[in-house]
Amino acid sequence: FHAVSYVWGDPKPEKVILVNDHLFAITWNLAVALIRLTRTAYVPLRLWVDAVCINQQDIDERSSQVQLMSQIYRRAEQVTCCLGETGGAMRDVIKVISEINKTLHASATPGEIYDWLRHFPKIWTDDKYGGFWPKLYVVLNLEYWNRVWVIQEMVFALN
């Protein structure tokens, strides 16, 4: 199964999905996360989503499931983190980080890597990077990072 890590956002149900032939109300943020996940899936996905898999109205069940969270995320084939809306900032940040990673891995010697890092400040002003720092700021200030569970979900995730 694939586990989904996301921000609940407004708890008011906004959308309805079909789960095991039953209608199920979900939040807007979960709907957006599920659309993104399934948009690129070429095969049916078995998902574990807390709002769907745990009866949120049953305090005893919620408490017992919280004790199992580390096992759930550890056993997941993949954990997908849905950070929220970034207006394209995430795509641009990942593009720049990938370019930096390629550049550093292409450098053959520690000296070349050091030399590249010394010139790294041009990322602040170089149009080639398309305003990287403001976009990184947007990504790092998403509500997602304020969640306590993020640490557990990422630490226990194998993929």
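Give the residue that is nearest to Val7 (Cα to Cα), with candidates limited to residues of the stretch 70-86 that are aliphatic (A, V, I, L, M) and modelled with pLDDT of 90 or more.
So, considering only residues that are aliphatic (A, V, I, L, M) and modelled with pLDDT of 90 or more, the one nearest to Val7 (Cα to Cα) is Val79.
Does at least one position in the stretch 130-146 carry a residue that is at pLDDT below 75, of a type outside the set (Lys, Arg), over 26 Å from Arg39 (Cα atoms) and assigned to a helix (DSSP H, G or I)?
Among the residues of the stretch 130-146, not one is at pLDDT below 75, of a type outside the set (Lys, Arg), over 26 Å from Arg39 (Cα atoms) and assigned to a helix (DSSP H, G or I), which makes the answer no.
Would you mind listing the strands (runs of 3 or more DSSP E) fully within the stretch 1-92 where at least 3 residues are touching a strand residue (DSSP E or B) at 6+ places or on another chain (Cβ under 7 Å) and within 22 Å of Asn141 (Cβ to Cβ)? Steps first, please.
Details: elements: 2-6, 15-19, 22-26, 78-82.
Answer list for the stretch 1-92: 2-6, 78-82.
Residue by residue through the stretch 42-99, note down the ones that are of a type in the set (A, V, I, L, M, F, W, C) and under 23 Å from Lys12 (Cα atoms).
Passing the criteria: Leu47, Trp48, Val49, Ala51, Val52, Cys53, Ile54, Ile59, Val66, Cys81, Cys82, Leu83.
The values are calculated or read from the model by the stated rules, or taken from the named source; none is laboratory data. As the structure is a prediction and not an experimental result, all values here were calculated from the model. A quick note on method: Cβ atoms are made from the backbone with ideal geometry, for glycine too, and the neighbour counts reach across all protein chains shown.
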